[in-house]
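Inspection log for the structure reproduced underneath, given as structure tokens.
The values are calculated or read from the model by the stated rules, or taken from the named source; none is laboratory data. Keep in mind that this is a model prediction, so the values were computed, not measured. Note: ideal-geometry Cβ built from the backbone for every residue, glycine included; neighbour counts use all protein chains shown. Note: areas computed on protein heavy atoms with side chains; ligands, DNA, RNA excluded. Shrake-Rupley method; radii C 1.70, N 1.55, O 1.52, S 1.80 Å.
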Amino acid sequence: TGAFLLGAAGCLTGRRATTHWGYTHLLPLVGAQPSAGRMVADGHIITAGGVTSGIDFALRLIAQTHGDAVAQSIQLAMEYDPAPPFIGGHPDQAPAAITDGLKSRVYTAAAQRMKTALQSATE
């Protein structure tokens, strides 16, 4: 949800961005245009959604600033070789019952709290 910090600072106005799927619908509150993807680059701003996409994001930035070989060395040192045991790390692929259950237990209320906080910050 770090995209909301960028948005609150005015860095996402009119830009495409992403964040965790549970909060993507709130990006317009900070001037961003929600865009699908684990990472979204718009100009010099890059956003990512979810924990593992943050690792992808970091490796991409390292590659841009220090070269592919450095990023690949870090990836190897971390033994970052994702092989999730299930398909469904995003609502587009997860069973509807799993997505709906998680949303009702966690993300509906959490997104409402985020929305309230964002609206309070702009008042």
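If I compute solvent accessible area with a 1.4 Å probe over the protein chains, what percent of it on the chain is carbon and sulfur? Answer for the chain is 58 percent, counting heavy atoms of protein chains only. Be a star and scan the stretch 50-78 for residues whose amide nitrogen sits under 17 Å from the point 7 Å along the Cα-to-Cβ vector of VAL106. Answer for this model: 50-55. Residues in the stretch 1-107 average 62 Å² of solvent-accessible surface per residue, probe 1.4 Å, ligands and nucleic acids excluded. The stretch between THR65 and HIS25 holds 11.3 nm of extra length on full extension. This uses 0.36 nm per residue minus the Cα-Cα distance. The spacing between the stretch 80-123 and the stretch 11-72, judged by their C-alpha centroids, is 17 Å. Debye-formula intensities of the chain, expressed as log10 I(q)/I(0) at q = 0.16, 0.18 Å⁻¹, are -0.87, -1.03 (one equal scatterer per alpha-carbon, no solvent). When shorter helices are ignored and each DSSP H run of at least 4 residues is given -39500 (n - 2.57), the per-residue value for the chain at 222 nm works out to -13000 deg cm²/dmol.
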